[in-house]
2 protein chains.
Amino acid sequence: MTAQPSEFELSAGGVDTQGRVRDAERTRADILDVATREFADQGYAGARINEIADKTSTTKRMIYYYFGGKEQLYVAVLEQAYSRIRGLEQQLDVEHLDPVEAVRELAGLTFDHHESHPDFIRLVSIENIHRAEHIARSTVLSGLANPALDVLGAILRRGWDAGLFRDDVDALDVHQVISAFCVFRTANRHTFGAIFGRDLLDPARRDHQRRMLGDLVVAYLTAR
Amino acid sequence: MTAQPSEFELSAGGVDTQGRVRDAERTRADILDVATREFADQGYAGARINEIADKTSTTKRMIYYYFGGKEQLYVAVLEQAYSRIRGLEQQLDVEHLDPVEAVRELAGLTFDHHESHPDFIRLVSIENIHRAEHIARSTVLSGLANPALDVLGAILRRGWDAGLFRDDVDALDVHQVISAFCVFRTANRHTFGAIFGRDLLDPARRDHQRRMLGDLVVAYLTAR
DNA sequence: GAGCTAATTCACCAACTGGTACATGACCGG
DNA sequence: CCGGTCATGTACCAGTTGGTGAATTAGCTC
């Protein structure tokens with residue numbers, strides 16, 4: 001009734017490539033994707049296992065078969081989300097630029113990055129509501145360092161050597177400032193919009209916001 | 001059994017000042033306070049009406065008597081929390097300082113302010129997860145402007161007149177930067193700590209963080 | 001094609017959750 | 001001191017929620 005197996009049945013008849021009826025990996029990935037959307041959308045407590053199951057092409061029983069329970073499913077969602085983001089961050093390449101331009105570029109890329117992954121930001125907010133207890137418990141996630149931080153560290157070192165940057169901050173401080181700006185724009189978009197009447201993600205203001213972040217970090221690092 | 005009415009009963013016997021058995025306002029305030037803690041702690045979906053009732057000195061029935069339902073109680077919690085914060089913000093007084101020192105002071109006060117109201121920050125995060133739908137629906141809250149913003153506007157105007165500040169930003173932009181820094185420190189404390197091993201609220205780093213915010217905003221506004 | 005195992009389906013449940021009907025009790029004005 | 005109303009406590013409920021037992025089937029191996 002609700003499911004639409006026609007697509008699979010048709011291809012399964014003649015094609016042998018991927019149209020298998022039983023496919024553990026596909027089922028697992030399906031569940032994980034739907035769960036990611038649901039948890040990001042509704043929060044941990046707000047998300048419903050029944051709802052997730054219904055939006056899947058499989059059944060609730062499979063969720064328990066593959067993940068064990070709601071909490072473990074949520075941790076799996078977090079682990080996948082963080083892994084994907086970290087994968088993207090590893091592609092950063094600003095080593096060839098001079099320090100000032102490199103830090104501006106890094107800030108800009110982080111800006112773009114956050115803007116295109118609102119679900120990830122939401123999951124992080126949700127995890128903070130729960131005091132990061134799931135991250136802390138996950139061996140995969142706790143202490144998983146950020147590639148962007150290493151890149152930033154290298155830039156700062158070059159900037160210090162050239163006498164361009166102030167030296168009373170470390171890479172983590174600067175990362176914190178950049179993250180704060182980018183996360184706030186997405187995570188607090190709604191209350192900010194409701195109270196001040198300005199949509200922080202308004203495309204018309206995007207360039208201004210991006211330039212503002214770059215100027216902010218550069219001005220701070222090169223001040224005095 | 002579970003309740004402990006002894007305190008009230010004892011004082012009600014002899015004292016007439018505040019120890020009344022029936023006190024609508026007191027009951028309402030009691031519920032609201034407990035609900036604030038619970039919602040801030042567990043989120044909207046995670047908070048339980050039964051749990052709130054149990055932690056109250058009254059019963060679940062009273063929650064429905066005074067507030068009507070879970071959602072209305074939550075909105076009442078938001079309204080009270082915002083009102084209190086706005087009340088505090090109205091006490092800002094930095095008009096006598098020169099623009100640079102005034103903006104630094106305002107940033108510092110906002111910093112202090114956020115640090116001492118973690119529950120409020122949590123409620124804001126939670127409300128953002130729900131896309132500010134409750135704020136939007138509340139006539140009390142939607143469009144309720146921020147006193148700090150007016151103060152900031154006045155400072156900027158003086159700074160522009162004196163040719164001290166860049167003029168390609170408005171008060172809301174600057175407020176956004178300050179808020180982002182302060183909110184992030186509290187709201188993302190847990191994931192940041194779990195992943196980078198640095199507690200953003202560590203008292204030993206507080207002065208450094210506070211100075212960093214001041215320098216950040218001043219450096220940006222006075223750049224070039 | 002028999003046999004085995006991983007994957008899947010289906011029916012079912014106990015506990016909880018928000019919410020309510022109703023009886024009762026306290027306080028205040030007259 | 002009485003009557004009414006606001007406030008409160010008790011008992012209860014229907015729907016939902018996360019979770020499970022056990023039978024069933026698809027596909028692989030030999």
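The values are calculated or read from the model by the stated rules, or taken from the named source; none is laboratory data. Computed from a prediction, not measured in an experiment: that's the story for all the values here. FYI the Cβ positions are ideal-geometry reconstructions off the backbone, even for glycines, and counts take in every protein chain you see. Just so you know, the surface numbers come from the protein's heavy atoms only, side chains and all, with ligands and any DNA or RNA stripped out. Shrake-Rupley method; radii C 1.70, N 1.55, O 1.52, S 1.80 Å.
Observations on the structure shown:
- There is no residue in the range A:134-142 that is under 20 Å from A:Leu97 (Cβ atoms) and open to solvent by less than 20 Å² (accessible area, probe 1.4 Å).
- Taking the conditions (1) away from DNA strand C (no atom under 13 Å from the Cβ); (2) over 17 Å from A:Leu123 (Cβ atoms); (3) among the hydrophobic types (A, V, I, L, M, F, W, C) in turn, A:Leu73 satisfies each one other than (2).
- Hey, A:Val94 out of contact with any Cys (no Cβ under 8 Å at 6 or more places or on another chain), open to solvent by less than 30 Å² (accessible area, probe 1.4 Å), closer than 20 Å to A:Gly153 by Cβ and outside any helix (DSSP H, G or I) or not: yes
- Residues of the range A:32-59 that are free of Cβ contacts under 8 Å to residues at least 12 places away in the same chain, closer than 19 Å to A:Ala187 by Cα and open to solvent by 30 Å² or more (accessible area, probe 1.4 Å): A:Gln42 alone.
- Of all residues in the range A:156-178, those that are surrounded by fewer than 20 Cβ atoms within 10 Å (Cβ to Cβ), in contact (Cβ under 8 Å) with a residue 40 or more places away in the chain and not hydrophobic (A, V, I, L, M, F, W, C) total 2.
- So A:Asp93, is it away from DNA strand D (no atom under 16 Å from the Cβ) and either at pLDDT 95 or above or assigned by TED's automatic domain parsing to the domain that holds A:Ala154 (or both): yes
- When A:Ala53, A:Ala45, A:Ala81 are screened for being within 9 Å of DNA strand D (Cβ to nearest atom) and either within 12 Å of chain B (Cβ to nearest Cβ) or touching a Cys at 6+ places or on another chain (Cβ under 8 Å) (or both), only A:Ala45 passes.
- The lone criterion from (1) assigned to a helix (DSSP H, G or I); (2) open to solvent by less than 40 Å² (accessible area, probe 1.4 Å); (3) more than 21 Å from A:Thr139 (Cα to Cα) left unmet by A:Tyr82 is number (3).
- Among helices (runs of 4 or more DSSP H) entirely within the range B:140-224, having at least 3 residues that are more than 30 Å from A:Ile129 (Cα to Cα) and more than 8 Å from every other protein chain (Cβ to nearest Cβ) singles out B:147-161.
- From the options B:Phe111, B:Phe39, residue that is within 30 Å of B:Val177 (Cβ to Cβ), more than 16 Å from DNA strand C (Cβ to nearest atom) and within 14 Å of chain A (Cβ to nearest Cβ): B:Phe111
- Residue within the range B:123-139 that is under 30 Å from B:Thr222 (Cα atoms) and not small (Gly, Ala, Ser) present: no
- Going through (1) within 14 Å of chain B (Cβ to nearest Cβ); (2) within 13 Å of DNA strand D (Cβ to nearest atom); (3) farther than 17 Å from B:Gly46 by Cα one by one, A:Thr58 falls short only on (1).
- When the test is whether a residue is assigned to a helix (DSSP H, G or I), open to solvent by less than 80 Å² (accessible area, probe 1.4 Å) and under 24 Å from B:His130 (Cβ atoms), B:Ala29 does not pass it.
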